[in-house]
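Chemist: Here it is, the structure, as structure tokens.
The values are calculated or read from the model by the stated rules, or taken from the named source; none is laboratory data. Values in this document were obtained by computation on a predicted structure and should not be read as measured data. Cβ placement follows ideal geometry from the backbone for every residue including glycine, while neighbour counts extend to all protein chains displayed. Protein only, heavy atoms only, side chains kept; ligands, DNA and RNA dropped before computing areas. Shrake-Rupley method; radii C 1.70, N 1.55, O 1.52, S 1.80 Å.
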Amino acid sequence: MIDWNALVQAMGDLDEEKTLTIVRNLFKGTLSSEEADQLLNACQEAMTIVGDRYENGDYFVGDLLFAGDLLTDVIEMLKASFKNLPDNTCTILVGTVEGDLHDIGKHIFKNIAEAVGFQVVDIGIDQPASEFVKKVKAIQPKIVGMSGILTLALDSMKKTVQALEEAGLRDNVKIIIGGAPVTAEACKIIGADAFAANAADGVKICQQWLKEQT
């Protein structure tokens with residue numbers, strides 16, 4: 001029996017040794033798709049704990065970086081355990097919009113998306129609309145993901161969608177947005193196709209879009 005709560009607590013506490021021990025034990029057997037989903041959900045919960053502790057002043061930037069590295073280690077172990085990853089040619093372009101420097105949610109989304117077979121191109125933080133346009137032209141992704149934690153990110157997201165429209169690229173991509181200020185109403189105003197309350201839900205939306213296209 002896998003103690004998922006223990007894994008969430010260990011990751012949230014940044015206990016690398018305990019986290020990796022639990023995950024290695026998990027991979028000693030054959031991992032079911034349900035267990036893979038539970039692992040991803042545990043990672044999401046743990047990173048939420050990390051984010052909350054950072055906001056409360058209990059964790060610092062160095063802790064966020066360590067948490068990101070720990071998450072990457074777990075996701076890499078998950079990817080290595082998959083014997084039959086989907087032959088997924090769908091590329092997702094992700095970035096934190098102009099004026100916002102937060103990337104932990106984007107980082108979680110990227111890792112989970114890659115774990116289930118998506119190709120993800122991350123253009124980083126504080127990215128202007130022009131950079132999104134440039135990268136969409138260059139790599140022709142099927143999905144564009146925009147992230148932001150600050151309220152001002154909503155305006156940047158809207159400007160980015162408008163820039164894609166003006167460049168004649170909007171109809172070629174699905175757009176998903178995420179972050180603390182994002183709501184259904186904001187999604188409609190921005191002109192995105194969907195929004196996600198967390199990274200795991202965002203990946204599920206992308207998977208559904210891919211099924212609809214194939």
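Chemist: Probe 1.4 Å, all protein chains in place: accessible area of THR151 in Å², nearest 10?
Modeler: Result for THR151: roughly 110 Å² accessible.
Chemist: What FRET efficiency comes out for VAL121 versus LYS28 if R0 is 45 angstrom and r is the Cβ-Cβ distance? Round to the nearest 0.05.
Modeler: In this case the efficiency is close to 0.85.
Chemist: Still on this model: What ranking of GLU45, GLU35, GLU17 comes out by heavy-atom accessible area, probe 1.4 Å, highest first?
Modeler: Working: GLU45 100, GLU35 50, GLU17 145 Å².
Largest accessible area first, the residues go GLU17, GLU45, GLU35.
Chemist: Here's another thing I want to ask about it. Place a label point 7 angstrom from the Cα of ASP58 along the Cα-to-Cβ direction, then list the residues of the range 1-32 whose backbone nitrogen is under 16 Å away.
Modeler: Residues passing the 16 Å test: 6-16.
Chemist: Pop a pseudo-label 7 angstrom from the Cα along the beta-carbon direction at both ALA138 and THR72 and give the gap in nm to one decimal.
Modeler: The two pseudo-label positions are separated by 2.0 nm.
Chemist: Let me ask you something else. Taking only Cα atoms, what is the 0 to 90° angle, nearest 10, from helix 33-55's long axis to the longest principal axis of the chain?
Modeler: That helix lies at roughly 80 degrees to the long axis.
Chemist: Return one whole number: the accessible area per residue of the chain in Å², for a 1.4 Å probe. Before the final figure, lay out each step's value.
Modeler: Details: 10940 Å² over 214 residues.
Accessible surface, normalised per residue, equals 51 Å².
Chemist: Right, another one. Between ASN5 and GLU166, how high is the FRET efficiency from 1/(1 + (r/R0)^6) when r is the Cβ-Cβ distance and R₀ = 45 Å? Nearest 0.05. Walk me through the numbers before you get to the answer.
Modeler: Working: r = 49 Å, r/R0 = 1.08.
Efficiency at R0 = 45 Å is approximately 0.40.
Chemist: Another question, if that's okay. Tell me the trypsin sites (Lys or Arg not before Pro) within the range 1-83 that lie in a loop according to DSSP and have at most 16 other beta-carbon atoms within 10 Å.
Modeler: Counting only loop positions with at most 16 other Cβ atoms within 10 Å, the trypsin sites (Lys or Arg not before Pro) in the range 1-83 are LYS28, LYS83.
Chemist: What's the FRET efficiency of ASP193 with ASN41 using the Cβ-Cβ distance as r and R₀ = 22 Å, to the nearest 0.05?
Modeler: Once the sixth-power term is evaluated, E becomes 0.40.
Chemist: Right, another one. Put PHE66, PHE27, PHE118 in order of accessible area, largest first, 1.4 Å probe: what do you get?
Modeler: PHE66, PHE27, PHE118
Chemist: Consider the candidate values (1) 16.1; (2) 10.6; (3) 11.7; state which one is mean projected area of the Cα convex hull in nm² computed from the structure displayed.
Modeler: Read-out from the structure maps to (3).
Chemist: Right, here's the next one. Give the relative contact order (percent, whole number) for the chain; include only Cα pairs under 8 Å separated by 6+ residues.
Modeler: Here the relative contact order equals 17 percent.
Chemist: Something else now. Run the 1.4 Å probe and let me know the accessible area of CYS90, rounded to the nearest 10 Å².
Modeler: The accessible area comes out at roughly 0 Å².
Chemist: I've got another one for you. Leaving out ligands, DNA and RNA, what percent of the accessible area of the chain is carbon and sulfur, probe 1.4 Å?
Modeler: With neighbouring chains kept in place, the figure for the chain is 49 percent.
Chemist: Relative to the longest principal axis of the C-alpha atoms of the chain, give the angle of the C-alpha long axis of helix 16-26, reported between 0 and 90° and rounded to the nearest 10°.
Modeler: 80
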